[in-house]
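Worksheet: one structure, shown below.
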Amino acid sequence: MQDDRLSKRLKTEYKPVTWANHPVQIDAKGSTGQLAAWRKATIDSGFAPIEFLLPSVQATFVDRLPDSMQAAEEAYARNPGALEKLLEHRWGYYFYLGGGYSTKSREHGEADGRAHAIMRVQSINDVVAQLYGRDLKGKTLLDMACNWGGMGIDMATRGCRVTGFDIRQENVDKARDLIAYLGTPDIEVRQSDILDLTPVKNGTFDVVYNLGLMYHLTQPIEAMEITYALCNEIAVVDTNCSREAFSGFAQIQVGNVNQPDHARGARRLELKPTYRAVIDMMLAVGFKDLIEVTLDLKDFPHSPSRHVLETYNRRRIIGFK
Ligand SMILES: C[S@@+](CC[C@H](N)C(=O)[O-])C[C@H]1O[C@@H](n2cnc3c(N)ncnc32)[C@H](O)[C@@H]1O
């Protein structure tokens, strides 16, 4: 019988996937290896330049622990025994705990973790503080996927009233234990998928932190809409992103969703946005102005974190409502 589907009126053929005009061979196993090869190919062929499409402010890395971490010395002096409980957790992120200890004391990578943590505070919290003339007293701040709570703890010690959420109860437990150890005022952390947050249920916040989250989701556009809906004044979006010069998403297959430091999303597939997609999403949901925070990494130690920063595969964008 004749196939009279419309699509059959066109004469089509299957072509094998080819990677013309660049030398990379896609022989890696699994999507992560293929993505890495694709990325190399796009970079080599000039398709993934480092673009700067927004007005920017520059943060400078200075090797100095933030006040919130220096204050841990007092917590340690008050109750050194409490440290044991903290060190039982498997931490993904560095926080100084006093007495020469840190959340990463029992793991490798402490130096990199330390520099990374300092850089995050200096390129996000310091810039927000600067924006408000250092007067953060009483500002409400939502930390959307707070993990160990460190960024919110730092803002609470500067006077913000902080609410943190994380999808994983283990992370909420870690953050609560750290907050209790430090005695940080005005911060609470609860378990929730950020997709379940609404202004009616959760209220709105002067500052919304959407940090390290956008590339762990399968509904990034909804997440950006929620970021906007919960925000009164500014939102900071800090995310890994691809450099290809179009607005879109790379599909990432996650090897281990339940990795021990619990920094992943909840699904086996994640959509990682390009830089242009982050900008387009922020504008589409309603942010009126966008400013990017770039980094002067002169004194940042050589490390995997430095590589990600230098290659501009992570961007920090402040959206103004
Ligand atoms: C890479 S970590 C980022 C942690 C922290 N915000 C930062 O930037 O350093 C990603 C965090 O997002 C959390 N997360 C992933 N998907 C989430 C969701 N749908 N709702 C709330 N938290 C989520 C994870 O549990 C993890 O703690």
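Condition check ((1) more than 10 Å from the ligand (Cβ to nearest atom); (2) surrounded by fewer than 18 Cβ atoms within 10 Å (Cβ to Cβ); (3) farther than 16 Å from LEU54 by Cβ) across all residues:
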site: VAL207; (1), (2), (3): yes, no, yes
site: GLY212; (1), (2), (3): no, no, yes
site: GLU233; (1), (2), (3): yes, yes, yes
site: ALA245; (1), (2), (3): yes, yes, no
For this session: Filter segment 161-172 down to residues that are buried (at least 24 other Cβ atoms within 10 Å of the Cβ) and in contact with a helix residue (DSSP H, G or I) (Cβ under 8 Å, 6 or more places away or on another chain) and give me whichever is farthest from LEU86 (Cα to Cα).
Result: VAL162
Exercise. Has segment 257-278 got at least one residue that is part of a helix (DSSP H, G or I), among the hydrophobic types (A, V, I, L, M, F, W, C) and within 16 Å of the ligand (Cβ to nearest atom)?
Worked result: yes
For this session: Please state which of the following conditions ASP193 fails to meet, knowing it meets all the rest: (1) in contact (Cβ under 8 Å) with a residue 60 or more places away in the chain; (2) more than 9 Å from the ligand (Cβ to nearest atom).
Result: (2)
For this session: Determine whether segment 147-158 contains at least one residue that is among the charged types (D, E, K, R), under 17 Å from LEU213 (Cβ atoms) and touching a residue at least 12 places away in the same chain (Cβ under 8 Å).
Result: no
For this session: Determine, yes or no, whether GLY113 is in a helix (DSSP H, G or I) and within 28 Å of ARG315 (Cα to Cα).
Result: yes
Exercise. Quick one: how many residues across segment 130-160 are crowded, with 19+ Cβ neighbours inside 10 Å and either of a type outside the set (Lys, Arg) or modelled with pLDDT under 95 (or both)?
Worked result: 19
Exercise. From the residues in segment 157-175 that are within 15 Å of the ligand (Cβ to nearest atom) and touching a strand residue (DSSP E or B) at 6+ places or on another chain (Cβ under 6 Å), which one is farthest from GLN122 (Cα to Cα)?
Worked result: GLN169
Exercise. Of the numbered conditions (1) without any contact (Cβ under 8 Å) to a residue 60 or more places away in the chain; (2) in contact with a Lys or Arg (Cβ under 9 Å, 6 or more places away or on another chain); (3) closer than 30 Å to ALA48 by Cβ, TYR228 satisfies every one except a single condition; which is it?
Worked result: (1)
Seminar exercise, completed: Being touching a residue at least 24 places away in the same chain (Cβ under 8 Å), more than 9 Å from the ligand (Cβ to nearest atom) and over 25 Å from VAL285 (Cβ atoms) narrows PRO185, PRO199, PRO220 down to just PRO185
For this session: Tally the residues that are in a loop (DSSP other than H, G, I, E, B) and of a type in the set (Asp, Glu), restricting the search to segment 83-110.
Result: 1
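The values are calculated or read from the model by the stated rules, or taken from the named source; none is laboratory data. Note that the structure is predicted; figures quoted are calculated from it, not measured. Virtual Cβ from ideal backbone geometry, glycine too; neighbours counted across all protein chains shown.
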